[in-house]
1. Output the relative contact order of segment 32-92, whole-number percent, from Cα pairs under 8 angstrom with separation of 6+ residues.
2. What residues have an amide H closer than 5 Å to that of residue 52, excluding those fewer than 5 places away on the same chain, when H is modeled at 1.01 Å from N in the peptide plane?
3. Expected output is a single nm value to one decimal: the length gained when fully extending between residue 130 and residue 170, i.e. 0.36 nm times separation in residues minus the C-alpha distance. What is it?
4. Can you give me the span-like helices of the chain, meaning DSSP H runs with 18 Å or more of Cα extent along the axis and Kyte-Doolittle mean at or above 0.5?
5. Which FRET efficiency, nearest 0.05, do residue 115 and residue 87 yield, Cβ-Cβ r, R0 25 Å?
6. At q = 0.10, 0.14, 0.16 Å⁻¹, what is the base-10 log of I(q)/I(0) for the chain according to the Debye formula with one equal point scatterer per Cα and no solvent? Please give it to two decimals.
7. Order 117, 148 by their accessible area, 1.4 angstrom probe, all chains in place, largest first.
8. Stokes-Einstein at 20 °C, 1.002 mPa s, Kirkwood radius from Cα pairs: D for segment 33-123 in µm² s⁻¹?
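The values are calculated or read from the model by the stated rules, or taken from the named source; none is laboratory data. Treat the numbers as computed from the prediction; the structure is a model and nothing was measured. Cβ atoms come from the backbone with ideal geometry, glycine included; neighbour counts cover every protein chain shown. Heavy atoms of the whole protein, side chains included, go into the accessibility calculation; ligands, DNA and RNA do not. Shrake-Rupley method; radii C 1.70, N 1.55, O 1.52, S 1.80 Å.
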Amino acid sequence: MIFDFDIQRTIAAVAFLMKKEGGELDMFLALKMLYLADKDALISWGKPITGDSFVSLPKGPALSEVYNLFKGTAQRHHQVKWNIFVSEKVSHSIHLLKQVDIGVLSEREMEVLESARKKINAFAPWDVSKWWHKTCPEWKDPKGSSTRIDPKTILRNAGKTEAEIKAIESSNEAYSLAKTILGGR
């Protein structure tokens, strides 16, 4: 199952979280908040907020292109847009360089982002990785590298039937095709 990464929605999600955190966002915690929000969105309505790929990293699960954006190694066209709005990291934190329109996010997406933020903030930063390793069955230790997490695994772990998973996959394929045909890519 493959989704369409959406840089505009990703930047809006980061801006939303940053605003809730007082204007600055720890990169590690941001990665975890965004992963949890995308996972919850996938389970709840069949489509992640950012459209990013899920991956296992040594310190827990993350979103692939978001992780690369934070490192400054994302696909060039994504990195250029990101760099307009989001600062380079300073002491593992980022802040906005200019105002971001979060209106591209739906009310339910903002609710899922806020819920993820509260869950992650309930832990001391050094306990977040341990919590993920214990409560995230789709995460597998990549032995110092990274491995892709199949969204179907996330859905199965959440109790979705094979028929429900197939319907989610078909819906996302139709969305992707429509976006391509209409020139949204």
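1. Numbers: 48 pairs, mean separation 12.6, N = 61.
Computed value for segment 32-92: 21 percent relative contact order.
2. 6
3. Numbers: separation 40, 0.36 × 40 = 14.40 nm, distance 3.47 nm.
Result for the pair: 10.9 nm of gain on full extension.
4. On the way: long enough: 7-20 (20 Å, 0.76); 27-45 (26 Å, 0.93); 107-121 (21 Å, -1.26); 162-181 (28 Å, -0.26).
The qualifying helices are 7-20, 27-45.
5. Working: r = 26 Å, r/R0 = 1.03.
It comes to 0.45.
6. These q points yield log10 I(q)/I(0) values of -0.38, -0.76, -1.02.
7. Working: 117 35, 148 130 Å².
Heavy-atom accessible area, descending, gives 148, 117.
8. Details: Rh = 14.2 Å.
Taking Rh from Cα pairs, D becomes 151 µm²/s.
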